[in-house]
Amino acid sequence: MQNRLKIAVQKSGRLYEGSMQLLKECGVEVSNGNNQLRIVSGNFPVEIFFLRDDDIPEYVQDAVADIGFVGQNVVREKNKAVTEVESLGFGKCRLSLAVPKNGTMQSVKDLAGKKIATSYPVILGQYLAENGVTASLHEISGSVEIAPRIGLADAICDLVSSGSTLFTNELREMETILKSEAVMISNNNLTAEKTTILNSLLFRIRAVKKAKNNKYVLLNAPNEKLKEICGLLPGMKSPTVLPLAEPGWSSVHSVISESDFWNVIEQLKNAGAQGILIIPIEKMIL
Ligand code: PRT
Ligand code: ZN
């Protein structure tokens, strides 16, 4: 029987959808119709284990799973002997210090001697030590944001994404301690065979990520403007230029990165490009 790479994925919660979607986009068939704890892919040598996110670093360290998809915040907090292999582009959030909206605290230094509620005592403890601040930590596992209102703490250290939880609890984000997203972690002693499967999965993940960060652009350009327009479009190697049926015009095809997108489109238009089409890319291999 062929060896399979065991992947730990959050059973339910904020990372479940993103993890399953990523595997699907990598062409790994995984159907979890019956809420099973373990499923085997029909077309790629992996099996998926569904676990609580907090347990994933330890299971990967102990080789119960070979790799895991989990938030960086959990990896840092659990501090297990695993390798962070690749960021996955979803589950983005930040671990921040927050204080009552109307209070006077401005920075971590103002937390000296105060009580801070958190589910992240390890990361917070390190941050306070780095800043030479001594405070008392109150560890709670959920609803950290209500702690100041019920008199349990003067400040909190918790995950934030939109900021609406802080807002509804009349808290103000004071400092970001860690920026986080879902990452792939791996066991430190994978066999050669499992490393080969991991590399093949990584190759696919990188192609998916790259495609998401880029767009395919098609446009028509008058030939006398081609040089200027091509200069705005570096593409993977250089833009493809094809003559149009109408004399004096060409069709230009290229790839542009999501981050430059609006800026480049505006410049292309100003340079005389017409009929600009932007198309999402499904996979991108360089
Ligand atoms: O059951 P299990 O233990 O597996 O799940 P869990 O309840 O511990 O974790 P879950 O599903 O809530 O989160 C899993 C991971 O998602 C986290 O470890 C982060 O890496 C990531 N993530 C991304 C977040 C958020 N965004 C997030 N906003 N995790 C939690 N939150 C919470 C935060 O704690 C706060 O209560 O959402 C609230 C703030 O959100 P905003 O949008 O109001 O700012
Ligand atoms: Zn959890």
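The values are calculated or read from the model by the stated rules, or taken from the named source; none is laboratory data. Note that the structure is a prediction, hence the values are computed from the model and not measured. Reconstructed Cβ throughout: ideal geometry from the backbone, glycine too, with neighbour counts over all protein chains shown. What goes into the accessible areas is simple: the full protein's heavy atoms, side chains included, and nothing from ligands, DNA or RNA. Shrake-Rupley method; radii C 1.70, N 1.55, O 1.52, S 1.80 Å.
Residue-wise test of (1) in contact with a helix residue (DSSP H, G or I) (Cβ under 9 Å, 6 or more places away or on another chain); (2) within 12 Å of ligand 1 (Cβ to nearest atom).
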residue	(1), (2)
VAL74	yes, yes
GLU77	yes, yes
LEU95	yes, yes
LYS114	no, no
GLN126	yes, no
ILE140	no, yes
VAL144	no, yes
Practice task
Among the candidates ALA207, ALA221, single out the residue that is surrounded by 16 or more Cβ atoms within 10 Å (Cβ to Cβ), at pLDDT 95 or above and within 24 Å of the chain's Cα centre (by Cα).
Solution key: ALA207
Problem - Qualifying positions in segment 115-142 - of a type in the set (Ser, Thr, Tyr) and open to solvent by 70 Å² or more (accessible area, probe 1.4 Å) - result: THR134, SER141
Exercise for the section: Quick one: in segment 1-17, of everything that is open to solvent by less than 70 Å² (accessible area, probe 1.4 Å), in a loop (DSSP other than H, G, I, E, B) and within 16 Å of ligand 1 (Cβ to nearest atom), which residue is nearest to ALA211 (Cα to Cα)? Expected result: LEU15
Completion exercise
All conditions in (1) within 13 Å of ligand 2 (Cβ to nearest atom); (2) of a type outside the set (S, T, N, Q); (3) touching a Gly at 6+ places or on another chain (Cβ under 7 Å); (4) open to solvent by 40 Å² or more (accessible area, probe 1.4 Å) are true of GLU29 except (1)
Problem - Residue pairs meeting the criteria (Cβ under 9 Å; at least 6 apart or on separate chains; first without any contact (Cβ under 8 Å) to a residue 60 or more places away in the chain, in segment 228-249; second part of a loop (DSSP other than H, G, I, E, B) and exposed (fewer than 12 other Cβ atoms within 10 Å of the Cβ)) - result: CYS230/SER238; MET236/LEU286
Practice task
Kindly indicate the residue of segment 37-57 that is of a type outside the set (D, E, K, R) and surrounded by fewer than 16 Cβ atoms within 10 Å (Cβ to Cβ) and also nearest to ligand 2 (Cβ to nearest atom) among those meeting that condition.
Solution key: LEU37
Practice task
Determine if segment 240-251 includes at least one residue that is among the aromatic types (Phe, Trp, Tyr) and open to solvent by 30 Å² or more (accessible area, probe 1.4 Å).
Solution key: yes
Handout entry: Scan of segment 104-114 for residues that are surrounded by fewer than 17 Cβ atoms within 10 Å (Cβ to Cβ) and in contact (Cβ under 8 Å) with a residue 24 or more places away in the chain, ordered by number
Key = GLN106, SER107, LYS109, LYS114
Practice task
Could you check how many residues of segment 149-201 are in contact (Cβ under 8 Å) with a residue 24 or more places away in the chain, within 13 Å of ligand 1 (Cβ to nearest atom) and either open to solvent by 40 Å² or more (accessible area, probe 1.4 Å) or among the aromatic types (Phe, Trp, Tyr) (or both)?
Solution key: 6
Problem - Test set (1) open to solvent by less than 60 Å² (accessible area, probe 1.4 Å); (2) within 13 Å of ligand 2 (Cβ to nearest atom); (3) over 23 Å from SER143 (Cα atoms) - ASN73 fails condition number - result: (3)
Completion exercise
Contact list, first residue from segment 256-273 and under 21 Å from MET284 (Cβ atoms) and in the same structural domain as LEU226 (by TED's automatic domain parsing), second anywhere and small (Gly, Ala, Ser) and surrounded by 12 or more Cβ atoms within 10 Å (Cβ to Cβ), beta-carbon distance below 9 Å, six or more apart or interchain, is ILE256/GLY235; VAL264/SER257; ILE265/ALA273; LEU268/ALA221
